[in-house]
Amino acid sequence: MLASYNWLVELTGVTASPREVADKLTGGGLEVEAFETRGEGLDSVVIAEVRSKTKVPDKDKLSHVVVFDGEGEVDVICGAANVPDPGRRVLFARVGSVLPNGMEIGERKLGGVLSRGMICSEVELEIGTGAEGIFVVPADIEAAPGTPIADALGLRDTIFELGLTPNRPDGLGHIGLARDVAVHFGQTFTPPAPPEPARRGDGELGVSIEVADADRCPRYGAGLVRGVTLGPSPFWLRYRLHCLGLRAIHNVVDATNYVLLEHGHPTHAFDQASVRKRAIVVRLATDGEKMTTLDEVERTLTADDLLICDGEGPVAVAGVMGGANSEIGDATSDVLVECAYFAPRSVRRTGRRLGLHTDASHRFERGVDPNGVPRVLARTTQLIADLAGGAVIGAGVDENAQPIAPPVIDFRLDRCDALLGFETAPAEAVRIFEGLGFSVEKTGERTFRVTVPTFRPDISREVDLTEEVLRFRGFPLVPTTIPHVRPSADGTPLEVRFDRLTRGIAAIAGLYEAVNYAFVSRPELAAARAPEASVILENPLSEDRSVMRTSLLPGLAAAAGRALRRQVQRVTLFEVGNTFTATDGDLPREDQSLAFILAGPREAWIGDGEAFDFYDGKGFIEAIVGPLCLSAPVFSIDDELSEKAPWFHPRRRAAVAVQIDGEHIALGSLGELHPEVAEALDLDTRAIYAELSVPALFRARQAVGDPQASALPRFPAVNRDIAMELDEEHSAGVVADAIRYAAGDLVEQVRLFDLYRGEQVAAGKKSLAFRVTYRDPAATLTDKKVDKAHARAAKAMKAQFAATVR
Amino acid sequence: MTDTDAVTRFEAGLADVREAFGSAFGEAADEQSLRAANAKLTGPEGTLTKLMKLMREVPGDRRREFGQAANALKEEVAAAFDGALVALAQAEREAELAAPHIDVSLPGRRPKPGRLHPITRVTIELVDIFTALGFDVAHGPEIDLYEYNFDKLGFPPDHPATDMQDSFFVKSDGARSMLRTHTSTIQVREMLKRKPPLAIVAPGAVYRRDDDITHSPMFFQIEGLLVDEKVSFADLKGVLTRFAQRLFGPDVGVRGRPSYFPFVEPGAEIDISCVFCKPWEGDAARTAACRVCKGTGWLEILGCGMVHPVVFESVGYDPEKYTGFAFGLGIDRIAMLKYGISDIRMLYENDARFLEQIG
Ligand SMILES: [Zn+2]
């Protein structure tokens, strides 16, 4: 919404500067987002009188004009066709003037004459949209040659750009804004009185009015102005419309637009002669009914759309846009003015459905003043008559089928003080309310009964009045206190704290946190072989982000691919986020996962290490699950992963779980991406991916409970190595378990320290070397005991794995 | 073999060892060869060990004499070995101390910790500020009912107020559901779940149909809610002032102006002093040229207000007994301000180099 400072000053008599007015409006919640001064920088553009005009020989489009600019006579060459006769005045830019478009006026030799200045049009001066020629000063503007045009035409103004919240439809008209301004500056505001049309003629509307749906059209008023002559509006009005962002059309439409900006209440002017069968009917459309709106688009309507019809068919979509068939035209003589109150929800639904947002619908959907209908109607018809001639006929029609009464609200100042945290004197509250046009009845020492006029539909309860007190007393007055927050019984759920721990430990383990969009595309999910999306957006911004993700892989893979393409060497990204699955209930299931992706060479001291492989992933999981769940993860080959996690390399993947007191808690899976999946995801390298369920991690942590401390060992440990050659098929984990079992209770730890495949061993075989740590918690170990245990281990290797122990 | 043979061989053996060990140990250049030399003498197959085994063959009357001699030699060898070990270690140390300097310009071997995302980092910071004031933390679903996102928060049906939050809807045959447009849904859920007094902050992802340099269709918010008897607007201002100063420093000022959010009344928008041009330092020219605050010296960071009685009614709290405040702020916005991020999309590209700058 654009607002004119001058207009607000005219309405309120306030003398404060534009900046002060803007600050107060903003401080009161009608935010002035920007303001712009008009009429500045035109000091050397002045009124000049034409003294003579002659055609330039051989250049019939150019005139040689002599003007008097208050200081002397000046020769100018002018290309306009409408240079007026001597005696009339024009707008003259002296040499050295800079026009708003940046053009500097200099001397120019044209047609053999030295042209010293320029006669300007509205457009060149950005004071209007009239481009058909130069601006000829109307006779009723009194200004001597030499007067700067800013003074002569009243161009100086400040235009505020307001960012209004949708609860304040009153701010969409200057009268509403003026009310706030007046209260801010302690001024009494009296809205312009409903005018008595000066040239009231006799007779009826000549058209019958029927409101068939009073729920959607609680009030409908109509008036008639007979005998108008279409033509341009006076400059001051055109200029005001121009500054406020509306284009001047002709006096009748300009009048309705002016009243729109004044009262914030849209009206509509019909050509009365085009109303067929002399009848206006306000009714719902039938499904599929069609009409062509002013913008020349044929609209298909539904039974949820309210129409204004004449005896034959629709002439306007109520509150949204008029029809092409009843538009005012040059032949119009009698103007039928409609001023109504349409139900806001109805206008909004129709506007949305048709994709139409107009100055009218913007106001109707926020709520205009139903009880302002007679006043606005009278003002509009009178202004049309003033501008376009003609006579206002009769009193018009006012169908008020469902009167909307102003709410009456009991207001307790004590409650207001308690809520705001500071005190307000009764007289101050009354001043604010009455200044805003509310009527106040005292019901006690500090209680009031307040009647709020219907131009403020945002106020319906006591607390709304409290807000009015705050708006005008001002935010700076509010003290700052720190409340004593009483602890609630529930506290922060452990799951919520676990979320932070999970991210923190993943980062400490060496992973970088990513945050990806939760919406993805179906092809991305398909490329990742992730479950098909079941939560679909109805109105996505694009196909790329049209479904909710079922896996964190597409997002992480995209980030990894982007990084590698940008020559980031190594990707170690993790994400904690939700995946979404539709359910039978109202809402989808949201499963929180911790996922990570590794790609590129692992870190080496100097140079690059080898490419990340499965075991790097395993290491990260161990580094995360260990501290997070206080238990060691178990990795196992699980054929079901072909079904459950088809994105993995079938030979390089594992199910991840923890075993806690015999309970098996599945956490998720880990593996190298299937080469086809990596390719489909645009990764031209191997990548390791893992996805663990955060709730499962949480459950594991809960199952562990508080870890119990045990005494640290007092006796020394003895290390013995065992190396062997055996068939590939035996996994290192199984061999280590067999060592532990065979060697018995003295074993504290079995650790693989060497793995060899190659020339030194036979094909299909590998060499494993373990370091076995023995410890007796109660005594120093003797070599003998260790030897015996270690020999048992060696024997078991031969027996169970046909290993050659070295 | 005769006894005399044994005696002779024994004596000869002792003499050999006595003669040899000193030089054998002395010649060893490192610990490994020293140990090898020692093993030749005292190892299972060593000369001295073999000599000891010869003892059985020595005649009884000489055995004691020879035994003493052999043991004395063994101790001598052991002492020499220990001495040689010490000498070697000493020599090694001296050599190391005298060796050329290491190349300190080679890269350090780093433990490589990862990084938290700036969003997480800011969330943690914000949550900690409010938990220190006594607030609990709550989470809620990202996809929620239209009812929780709008109706129960007092958004009138078909009202332009919902335009302020252009929404993503989810295709559904059942109740109308949507990606939450604000974390205020969690207010509703927590109030339905708990009884006052109640103080929560709720961070999380939210979604709106905007996509440009300052708007991401997914972004993060943190919601705050305090409900108790006698909570006032002054408490709200106090808590937000405390929050702003904890986050951006003690000089940061706070101002507000009334605004409209359907679920609060009175509602307000809060600005803090611009943290880029720091107007409190008095450099007016710097503020005038500041592009972040556009020369105003203020930055808009959050919306807030007193919980609307209509919300209390929708969750079954008595609005005569309880009052409360709520606020919501954009975590992305705070991250951008704090870390000087000019394009919100950087937050969602997850470039490791960016994460390293900030995480
Ligand atoms: Zn600044």
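Can you tell me the FRET efficiency between residue A:741 and residue A:714 if r is taken as the Cβ-Cβ distance and R0 is 22 Å, rounded to the nearest 0.05? Present the calculation step by step, with values, prior to reporting the outcome.
Details: r = 26 Å, r/R0 = 1.18.
Working from the Cβ atoms, E equals 0.25.
Give the residue list of GluC sites (Glu not before Pro) in the range A:525-593 that are DSSP loop and have at most 11 other beta-carbon atoms within 10 angstrom. Present the calculation step by step, with values, prior to reporting the outcome.
Details: sites: A:532, A:538, A:543, A:575, A:590; in loops: A:532, A:538.
Counting only loop positions with at most 11 other Cβ atoms within 10 Å, the GluC sites (Glu not before Pro) in the range A:525-593 are A:532.
Which net charge results when you count Lys and Arg as +1 and Asp and Glu as -1 among the other residues whose beta-carbon is under 12 Å from that of residue A:495? Before the final figure, lay out each step's value.
Working: positive: A:497, A:500, A:699, A:701; negative: A:499.
Here the charged neighbours net out to +3.
Going by C-beta contacts inside 10 Å, put A:470, A:541 in order with the fewest on the left.
On the way: A:470 28, A:541 16.
So the residues, fewest neighbours to most, are A:541, A:470.
For the range A:40-107, what D do you get in µm² per second when you plug the Kirkwood radius from alpha-carbon pairs into Stokes-Einstein at 20 °C and 1.002 mPa s? Walk me through the numbers on the way to the answer.
Values: Rh = 12.6 Å.
Estimated via Stokes-Einstein, D reaches 170 µm²/s.
With charges only on Cβ, +1 for K and R and -1 for D and E, what is the dipole size of the protein assembly as shown about its Cα centre, in debye, rounded to 20? Before the final figure, lay out the partial values.
Details: 130 positive and 169 negative charges, 446 e Å.
Charge dipole, the protein assembly as shown, about its Cα centre: 2140 debye, nearest 20.
Excluding residue A:278 itself, calculate the net charge of residues whose Cβ lies under 14 Å from the Cβ of residue A:278, where each Lys or Arg counts +1 and each Asp or Glu counts -1. If you can, show how the numbers build up before the last one.
Working: positive: A:276, A:277; negative: A:204, A:210, A:271, A:310, A:312, A:334.
Residues near residue A:278 contribute -4 overall.
Which entries of B:195/B:230; A:644/A:766; A:59/A:109 show an alpha-carbon separation above 21 angstrom in the structure shown?
Details: B:195/B:230 16 Å; A:644/A:766 32 Å; A:59/A:109 14 Å.
Beyond 21 Å: A:644/A:766.
Could you compute the net charge surrounding residue A:407? Neighbours are other residues with a C-beta less than 14 Å from the C-beta of residue A:407; K and R count +1, D and E count -1. Spell out each step's value before the answer.
Working: positive: A:449, A:456, A:461; negative: A:369, A:410, A:441, A:458, A:462, A:464, A:468.
Net local charge, residue A:407 excluded: -4.
So if we plug the beta-carbon distance of residue A:113 and residue A:40 into 1/(1 + (r/R0)^6) with R0 = 22 Å, what FRET efficiency do we get, rounded to 0.05?
Values: r = 32 Å, r/R0 = 1.44.
Using R0 = 22 Å, I get an efficiency of 0.10.
Determine how many Å³ per residue the convex hull of the Cα atoms of the protein assembly as shown encloses.
Details: hull volume 324.2 nm³, N = 1165.
Per-residue hull volume (Cα only) is 278 Å³.
Scan chain B and note any complete DSSP helix (H) whose C-alpha atoms cover at least 20 Å along its axis and whose Kyte-Doolittle average is 0.0 or more. It would help to have the intermediate numbers written out before the result.
Details: long enough: B:3-27 (36 Å, -0.15); B:60-98 (56 Å, -0.28); B:118-132 (21 Å, 1.01); B:233-248 (22 Å, 0.41).
Helices meeting the criterion: B:118-132, B:233-248.
Which three extents, in angstrom, do the Cα atoms of chain B have along their principal axes, listed largest first?
Projected onto the principal axes, the Cα atoms of chain B cover 123, 54, 42 Å.
Per-residue Cβ counts within 10 Å, from other chains only, averaged over A:534-541: what number is that? Provide the component values of the computation, followed by the final result.
Working: counts 1, 6, 4, 8, 9, 8, 4, 7.
Other-chain Cβ atoms within 10 Å of each residue's Cβ, averaged: 6.
Give me A:320, A:183, A:368, A:761 ranked fewest to most by other Cβ atoms within 10 Å of their Cβ, as a rough exposure proxy.
Details: A:320 28, A:183 24, A:368 31, A:761 15.
Neighbour counts put them in this order, fewest first: A:761, A:183, A:320, A:368.
How far is helix A:694-704 tilted off the main Cα axis of chain A, in degrees rounded to 10, range 0 to 90?
40 degrees
So for chain B, averaging the separation of alpha carbon pairs under 8 Å that are six or more residues apart and normalising by length, what relative contact order in percent results? Don't skip to the answer; put the middle values down first.
On the way: 515 pairs, mean separation 52.7, N = 359.
That works out to 15 percent.
Semi-axes of the equivalent ellipsoid for the range A:494-704, please: Cα gyration tensor eigenvalues, times 5, square-rooted, ordered largest first, whole Å.
Details: eigenvalues 118, 108, 53 Å².
The three semi-axes for the range A:494-704 are 24, 23, 16 Å.
If you find the alpha carbon centre of the range A:1-31 and of the range A:482-502, how far apart are they in angstrom?
46 Å
For residue A:765, list the lysines whose Cα falls under 17 Å from its own Cα; do not include residues on the same chain fewer than 8 positions away.
Partners within reach: A:798.
When the label point is put 7 Å from the Cα of residue A:287 along its Cα-to-beta-carbon vector, which residues of the range A:301-321 have a backbone N closer than 15 Å?
Within reach of a label on residue A:287, which here means backbone N under 15 Å from a point 7 Å along Cα→Cβ, the range A:301-321 contributes A:301-305.
What do you get for GluC sites (Glu not before Pro) in the range A:718-803 restricted to DSSP loop and a cutoff of at most 13 other Cβ within 10 Å of the site's Cβ? The partial results should precede the final answer.
Values: sites: A:725, A:728, A:729, A:748, A:759; in loops: A:728, A:729, A:759.
Here the sparse-neighbourhood loop sites are A:728, A:729, A:759.
Express in whole angstrom the spacing between the alpha-carbon centres of the range A:727-765 and the range A:267-325.
That distance is 88 Å.
Which GluC sites (Glu not before Pro) in the range B:295-324 sit in a loop by DSSP (not H, G, I, E or B) and have at most 16 other Cβ atoms within 10 Å of their own Cβ?
Working: sites: B:300, B:313, B:320; in loops: B:320.
Passing both the DSSP loop test and the Cβ count: B:320.
Which of the aspartates and glutamates could a cross-linker bridge to residue A:53, judged by Cα under 17 Å and excluding same-chain residues fewer than eight apart?
Filter leaves A:69, A:73, A:75, A:85.
Note the full-extension length gain between residue A:212 and residue A:637 as 0.36 nm times their separation in residues minus their Cα-Cα distance, in nm to one decimal. Spell out each step's value before the answer.
Working: separation 425, 0.36 × 425 = 153.00 nm, distance 7.46 nm.
Here the segment from residue A:212 to residue A:637 would lengthen by 145.5 nm.
Any chance you could give the angle, 0 to 90 degrees and rounded to 10, that helix A:783-801 forms with the longest Cα principal axis of chain A?
That helix lies at roughly 70 degrees to the long axis.
Rounded to the nearest Å, what's the spacing between the alpha carbon centres of the range B:253-321 and the range B:49-63? Just the number, please.
Here the two parts' Cα centres lie 102 Å apart.
Coordinate-derived values only; no laboratory data. As the structure is a prediction and not an experimental result, all values here were calculated from the model. Virtual Cβ from ideal backbone geometry, glycine too; neighbours counted across all protein chains shown.
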